[in-house]
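Here it is: the structure, laid out below.
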Amino acid sequence: MDRSVPPGQDFYRYANGEWQRTAEIPPDRSSIAPDRQVQERVLLRTRAIVEEAVAAKAAAGSELRKIGDTYASFMDEAAVESMGLEPLRPELARIAALADRRALAEYLGGTVRANVDPLNAGVLYTDRVLGLWAEQDLADPSRTAAYLLQGGLGFPDRSYYLDDTPEALELRAAYRAHLARVIALAHLASDETGDTMAERVLEFETRLARSHASAEDSGDLEKGNNPFSRKELEARAPGMDWGAFLGAAGLDRQPGFIVWQPSAVIGLAALVAEIPLPTWREYLAVRAVERASPYLSRAFVEERFAFYEHELEGKPRLPDRWKRGLRATEAALGPAIGHIYVARHFPPEVKVEIEEMVRNIKAAFAVRIDALTWLSEQTKAEAREKLAAMRVGIGYPDRWPDMSGLKVVRGDLLGNVERAELFWYRRALSRLGRPPEREEWISLPQTVNAFNLPIQNRLEFCAGAFEPPLYDRTATAAARYGGTGWFIGHEITHGFDSGGAKLDAQGRFRTWWTLADLERFTSAGAALVSQYDGYRPFPDLAVNGKLTLAENIADLGGVAATYDAWRASLQGAEPAMEGGLTGPQQFFVAFAQSFRLKAREEVQRLWLRTDGHAPDRYRALTVRNLDAWYDAFHVQPGQDLWLAPEDRVRIW
């Protein structure tokens with residue numbers, strides 16, 4: 001803390017100033033924060049698990065053997081180096097042999113994978129031309145639908161191609177140079193530099209980007225809910241041989257799809273018809289090399305790092321090979337590693353403590369619903385039903401996935417990666433048309449995070465998140481609720497944010513509000529958008545209040561309900577002072593300290609463009625809307641953070 005700063009002037013600095021002054025970002029990271037500290041601890045634990053698996057030489061076909069063989073394949077750097085580009089040559093040969101547009105459609109369909117989810121930050125982007133999301137049907141909770149999502153770009157968002165700011169122009173020039181180096185490394189062009197081919201690939205991706213939906217629109221349920229029958233897909237997106245595409249993707253038996261970004265699918269089909277095949281082959285070859293680069297020889301690894309992690313995120317140094325090996329092994333066999341992890345590192349008593357906290361926060365949220373004066377009784381009843389139906393998983397899933405069908409070959413690094421992606425894709429395909437799978441998690445137990453699955457009205461809180469300093473069992477109740485409980489409240493509130501408010505207790509996309517209530521909710525959201533639009537981390541770049549609205553609502557409702565839950569847990573007793581702070585002050589300081597973050601400018605700019613979360617320092621300022629914070633720190637008119645009572649946004 002920096003107690004020389006009045007809380008009402010700069011609460012973030014008051015709570016985090018000394019840490020902010022002394023913390024140093026590791027050279028292989030773009031930022032440091034409490035969750036990153038925990039991630040390092042979890043990494044060391046998972047490293048021990050996979051290295052033991054390598055040494056164990058377990059029975060062939062066992063999960064332990066697969067873990068060990070996958071990791072050992074990555075760590076045999078000499079073998080990977082000796083193979084150079086050879087593991088990718090069969091794929092490049094398939095691309096070079098594409099002779100007509102039917103073959104092109106078939107190839108594109110064969111690249112579809114299930115690594116996207118538009119409603120969870122961090123899993124939206126795919127560099128395949130389309131991604132599959134297998135999720136509960138928005139109109140029918142009894143079945144799993146096939147959602148098609150945009151992809152195919154080298155940059156993580158369309159804005160990098162289309163903005164004309166100096167920063168965007170500079171990054172496009174750097175990307176063009178990166179493409180030329182990739183082309184030269186893989187000997188994809190006849191000229192030595194690959195500059196001409198790089199220009200054509202960039203031009204192609206720019207045309208594709210023009211058809212893409214924005215990050216704001218991609219997170220909007222209403223704009224994403226576009227059911228297409230098979231006939232409608234073919235009629236509305238001409239140019240693609242959809243029979244060949246869907247057959248290769250394993251989607252030919254699907255009667256229809258929910259097309260999340262119709263303009264992107266229509267634009268992709270048009271490019272299939274309009275762009276010459278040689279240009280398509282160039283683009284696809286580059287994308288294939290880019291996808292494979294982390295698993296090829298060092299020259300490819302370093303070139304990918306230089307652009308994607310150094311240029312875009314500001315990391316000075318490539319992470320150690322073992323860290324990258326863990327990432328690849330977890331992508332393939334994460335649940336199998338997680339099963340071992342929770343047995344070793346997630347005590348049952350912690351699960352019991354968190355479950356109690358969840359019950360208390362849900363109860364407090366229910367009380368807040370009842371107390372809302374702007375909400376009609378009709379809408380309150382629907383909200384209570386949704387809250388009661390919300391399912392919450394703590395630590396790990398009740399049922400672990402069967403991974404016996406995944407083939408791992410020691411020494412075949414790229415092949416292992418590709419087979420794992422295909423394994424998880426086929427599992428997604430197998431769920432289509434069937435009742436939603438509510439026992440299998442989308443996350444890994446060792447992940448340091450929590451997730452809301454709004455269409456299923458279900459939450460997942462991963463075991464990895466309940467570690468000091470994120471969860472300190474020795475801290476006061478005020479600090480535990482303020483530092484940990486708020487993100488439980490945050491995920492609960494996601495069920496009632498700008499997107500969650502469009503889904504009922506069973507996950508149907510329907511309006512369960514009265515018109516007047518919905519207007520008031522929308523008006524309060526607009527006020528929160530305006531508040532966050534006013535935050536400007538850089539002179540040329542502000543927070544996007546619309547892009548971050550759902551997360552900001554979740555922060556606001558989450559911390560408010562959690563504060564009430566903590567007060568109720570006291571059963572009328574007064575909390576003791578700790579470190580010179582009253583109980584309410586402990587709560588709010590712990591809340592602000594959970595957001596301590598130091599990040600390189602490059603990655604901050606990336607997050608501002610693409611992340612649905614506001615920068616952490618502004619998330620900590622959610623407290624400006626809570627009367628209890630003003631009372632706790634005696635914040636007065638005239639101080640920088642003061643908001644008049646009528647200007648404080650009150651939603652849940």
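List the residue pairs whose Cβ atoms are under 7 Å apart, where the first residue sits in segment 557-586 and is farther than 25 Å from L387 by Cβ, the second is among the basic types (K, R), and the two are 6 or more positions apart or on different chains.
Close Cβ pairs (under 7 Å, with a partner that is among the basic types (K, R)) do not exist here.
State whether one or more residues within segment 508-520 are surrounded by 15 or more Cβ atoms within 10 Å (Cβ to Cβ), in contact with a Pro (Cβ under 8 Å, 6 or more places away or on another chain) and of a type in the set (D, E, K, R).
yes
Looking only at segment 28-85, filter to residues that are charged (D, E, K, R), over 20 Å from F305 (Cβ atoms) and without any contact (Cβ under 8 Å) to a residue 40 or more places away in the chain; which one of those is surrounded by the fewest Cβ atoms within 10 Å (Cβ to Cβ)?
Ranking the candidates gives K57 first.
Could I ask something else about it? Considering K380, K362, K351, which residue is free of Cβ contacts under 8 Å to residues at least 24 places away in the same chain and of a type in the set (D, E, K, R)? Can you show your working first?
On the way: K362 fails: free of Cβ contacts under 8 Å to residues at least 24 places away in the same chain; K351 fails: free of Cβ contacts under 8 Å to residues at least 24 places away in the same chain.
One residue alone meets the criteria, K380.
Of the conditions (1) surrounded by fewer than 21 Cβ atoms within 10 Å (Cβ to Cβ); (2) under 16 Å from Q261 (Cβ atoms); (3) modelled with pLDDT of 95 or more; (4) of a type in the set (A, V, I, L, M), V123 fails just one. Which one is it?
With respect to (1) surrounded by fewer than 21 Cβ atoms within 10 Å (Cβ to Cβ); (2) under 16 Å from Q261 (Cβ atoms); (3) modelled with pLDDT of 95 or more; (4) of a type in the set (A, V, I, L, M), V123 is out only on (3).
Touching a helix residue (DSSP H, G or I) at 6+ places or on another chain (Cβ under 6 Å), surrounded by fewer than 22 Cβ atoms within 10 Å (Cβ to Cβ) and not in a helix (DSSP H, G or I) - does that describe any residue in segment 170-187?
no
Something else: For residues that are closer than 25 Å to Q585 by Cβ, assigned to a loop (DSSP other than H, G, I, E, B) and not hydrophobic (A, V, I, L, M, F, W, C), tally how many sit in segment 441-491.
Number of matching residues: 8.
Which residue is nearest to E205 (Cα to Cα), if the candidates are limited to segment 125-151 and must be of a type in the set (A, V, I, L, M) and assigned to a loop (DSSP other than H, G, I, E, B)?
It comes out as V129.
Same structure, new question: Looking for whichever is farther than 30 Å from A79 by Cα, part of a helix (DSSP H, G or I) and not aromatic (F, W, Y) here; the options are G433, G525, G415. Which one fits? Let's see the steps before the verdict.
Values: G433 fails: part of a helix (DSSP H, G or I); G415 fails: farther than 30 Å from A79 by Cα.
From the options G433, G525, G415, the qualifying one is G525.
Pick from segment 579-611 the residues that are under 30 Å from the mean Cα position of the chain (by Cα) and part of a loop (DSSP other than H, G, I, E, B): which of them is farthest from R36 (Cα to Cα)?
Within segment 579-611, the match that is farthest from R36 (Cα to Cα) is D611.
Considering segment 217-231 alone, what residues qualify as being among the charged types (D, E, K, R), surrounded by 15 or more Cβ atoms within 10 Å (Cβ to Cβ) and assigned to a helix (DSSP H, G or I)?
Step one: of segment 217-231, the residues among the charged types (D, E, K, R) are 217, 220, 222-223, 230-231.
Among the residues that remain, those that are also surrounded by 15 or more Cβ atoms within 10 Å (Cβ to Cβ) are: 217, 220, 223, 230.
Residues satisfying the conditions are D217, K223, R230.
I'd like to know if segment 324-338 contains one or more residues that are under 23 Å from M75 (Cβ atoms), of a type in the set (V, I, T), in a helix (DSSP H, G or I) and free of Cβ contacts under 8 Å to residues at least 40 places away in the same chain.
The answer is no; no qualifying residue exists.
Would you check if D220 is farther than 23 Å from G495 by Cβ, modelled with pLDDT under 95 and not hydroxyl-bearing (S, T, Y)?
Spelling it out, it is not the case that D220 is farther than 23 Å from G495 by Cβ, modelled with pLDDT under 95 and not hydroxyl-bearing (S, T, Y).
Still on this model: Output the residues belonging to segment 306-321 that are surrounded by 17 or more Cβ atoms within 10 Å (Cβ to Cβ) and within 25 Å of I67 (Cβ to Cβ).
The answer is L318, P319.
Additional query: Given (1) in a helix (DSSP H, G or I); (2) surrounded by fewer than 17 Cβ atoms within 10 Å (Cβ to Cβ), identify the lone condition not met by R253.
For R253, the exception is condition (1).
Another one. For segment 634-652, give me the residue count where each residue is of a type in the set (F, W, Y) and surrounded by 21 or more Cβ atoms within 10 Å (Cβ to Cβ).
Qualifying residue count, segment 634-652: 1.
Any idea which of A614, A576 is buried (at least 19 other Cβ atoms within 10 Å of the Cβ), aliphatic (A, V, I, L, M) and not in a helix (DSSP H, G or I)?
After applying the criteria, what remains is A614.
Determine whether L208 is assigned to a helix (DSSP H, G or I), aliphatic (A, V, I, L, M) and buried (at least 16 other Cβ atoms within 10 Å of the Cβ).
yes
Related question: In segment 492-507, how many are in a helix (DSSP H, G or I), crowded, with 23+ Cβ neighbours inside 10 Å and in contact (Cβ under 8 Å) with a residue 60 or more places away in the chain?
The total comes to 3.
Return the only residue of R89, R113 being in contact with a helix residue (DSSP H, G or I) (Cβ under 6 Å, 6 or more places away or on another chain) and of a type outside the set (F, W, Y). First the steps, then the outcome.
On the way: R89 fails: in contact with a helix residue (DSSP H, G or I) (Cβ under 6 Å, 6 or more places away or on another chain).
Among R89, R113, only R113 is in contact with a helix residue (DSSP H, G or I) (Cβ under 6 Å, 6 or more places away or on another chain) and of a type outside the set (F, W, Y).
The values are calculated or read from the model by the stated rules, or taken from the named source; none is laboratory data. Quick caveat, the model's predicted, so the values are computed rather than measured. Every residue, glycine among them, receives a Cβ derived from its backbone with ideal geometry; neighbour counts consider all protein chains shown.
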